[in-house]
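Have a look at the structure below, then the notes.
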Amino acid sequence: MKDTYILAIESSCDETSVSIVKNGRDEIATVVLSQMDTHANFGGVVPEVASRMHIENITMVLEECLNKASITTDEVDAIAVTYGPGLIGSLLIGVQAAKTLAYLYNKPLVPVHHIAGHIYANNLVKPLEFPLIALVVSGGHTDLIYMKEDYSFERIGGTLDDAVGEAYDKVARVVGLNYPGGPLVDKKAHEGKPTYHLPLPLNDDSYDFSFSGIKSAVINLVHNEKQRGNEINVENLCASFQNSVVEILTKKTMRALKEYNVKNLIVAGGVAANKGLREKLTELCASENVNLIVPSMKYCTDNAAMIGAAGYYAYKLGRTANLDLNAKASDSLK
Ligand code: KG4
Ligand code: ZN
């Protein structure tokens, strides 16, 4: 069978990335240009700055990727792009670049949902096995997805407010840790004990999550202690926060696996790097005989290879778009 090459573009947040992926499984070349150092000066991603930097960098990243892959745009079969969800100004740059390439080289244009990309990042490591449950946890997303076969997505739950990574970053800021604070909170959590009482957020029978309440609880606790002139034990507070978050994430995920009778669990997104979450899921999946897959960090954070992997399956299913494709800041995964 003839090989299928996808040229993929990802620009939904603060990474400008282009990749060439063969048959949805082989990453030929990927370039990721992260803007994290710039945004760290502001304590978080500044949308206008992100959009401007995507404009400045996209052609350079594209050229470098094509050179690395030793391929020309003429030789690829289709152009895949993240059309949403994400920061609208950032998405628009990738979508415009993809449409321009599709028009110039007369190639099919394949819109890819960002979460489908995060899930298919795993396909670059090992072919997905179905049915599966995917827990997507990042700075912008917290979703539980059931997949019975390729490119079939049923969102069974997700956050009603803040994404889990966002809550980590806000907690980090209030206890004086730098952006992005998730990894630092994780590290401190391992040096402390969960001595502070924090609520277990949205501890109910749904598969939804809510992290704004626990984030506010941490902020209030810090302010109250400061007003009383008491010192905060940062390690213990991080441990208490992480304990509650990991407990609720793992509890609902394990229940979903049971209820949907699924033995494959994928964890994706930047928060998949969290040591507490990995440890707890490893332990629970071992006792429940669930096959747990957590990809390496380079596939957990935003990159275009994951869009190329998902884009291959979308392309094979004929899920292409016209040149009037628009970026969407929010959209459900279908
Ligand atoms: O997937 P990602 O790179 O970008 C988004 O699409 O959001 O995820 C970044 C998020 C940030 O909020 C960061 O603080 C969080 O992932 N993160 C972590 C850890 N490593 C990264 N959160 C908790 N523990 C970690 N070890
Ligand atoms: Zn992402």
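Results, tabulated for the structure shown:
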read-out	value
Residue check, R173 surrounded by fewer than 24 Cβ atoms within 10 Å (Cβ to Cβ), touching a residue at least 40 places away in the same chain (Cβ under 8 Å) and either more than 16 Å from ligand 2 (Cβ to nearest atom) or of a type in the set (F, W, Y) (or both)	yes
Residue count, the stretch 283-295 (criterion: within 12 Å of L257 (Cα to Cα) and part of a strand (DSSP E or B))	2
The stretch 155-182, residues that are of a type in the set (S, T, N, Q) and either under 15 Å from the mean Cα position of the chain (by Cα) or at pLDDT 95 or above (or both)	T159
Checking G269 against (1) on the phi > 0 side of the Ramachandran plot; (2) modelled with pLDDT of 95 or more, the condition it does not meet	(2)
Tabulated pairs, the stretch 114-128, first of a type outside the set (S, T, N, Q), second more than 16 Å from ligand 2 (Cβ to nearest atom) and part of a helix (DSSP H, G or I), C-beta under 8 angstrom, 6+ apart or interchain	A116/A314; Y120/Y313
Residue selected from the stretch 15-25 under the condition surrounded by fewer than 24 Cβ atoms within 10 Å (Cβ to Cβ) and touching a residue at least 60 places away in the same chain (Cβ under 8 Å), by the criterion farthest from ligand 2 (Cβ to nearest atom)	N23
Out of I115, I156, sole residue that is away from ligand 1 (no atom under 14 Å from the Cβ), in contact with a Leu (Cβ under 7 Å, 6 or more places away or on another chain) and closer than 30 Å to G24 by Cα	I156
Any chance F130 is surrounded by fewer than 16 Cβ atoms within 10 Å (Cβ to Cβ) and either more than 18 Å from A304 (Cβ to Cβ) or within 15 Å of ligand 2 (Cβ to nearest atom) (or both)	yes
Hits in the stretch 181-221 (condition: crowded, with 18+ Cβ neighbours inside 10 Å and not in a loop (DSSP other than H, G, I, E, B))	G182, L184, V185, D186, K188, A189, F209, I214, K215, A217, V218, L221
Qualifying positions in the stretch 147-180 - in a loop (DSSP other than H, G, I, E, B) and under 23 Å from A116 (Cα atoms)	K148, E149, D150, Y151, S152, F153, L160, D161, D162, A163
Residues located in the stretch 203-244, provided they are small (G, A, S) and more than 26 Å from H141 (Cβ to Cβ)	G229
Considering residues of the stretch 259-282 that are closer than 16 Å to M306 by Cα and part of a helix (DSSP H, G or I) only, the residue farthest from ligand 2 (Cβ to nearest atom)	A272
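Residue by residue, here is whether (1) surrounded by fewer than 18 Cβ atoms within 10 Å (Cβ to Cβ); (2) at pLDDT 95 or above; (3) within 16 Å of ligand 1 (Cβ to nearest atom) holds:
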site: D3; (1), (2), (3): yes, yes, no
site: V45; (1), (2), (3): no, no, yes
site: A50; (1), (2), (3): no, no, yes
site: E64; (1), (2), (3): yes, yes, no
site: I88; (1), (2), (3): yes, yes, yes
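The values are calculated or read from the model by the stated rules, or taken from the named source; none is laboratory data. Worth saying up front: this structure is predicted, and the values here are computed from it rather than measured. Positions of Cβ are generated from backbone atoms using ideal geometry, with glycine treated the same way; all protein chains shown enter the neighbour counts.
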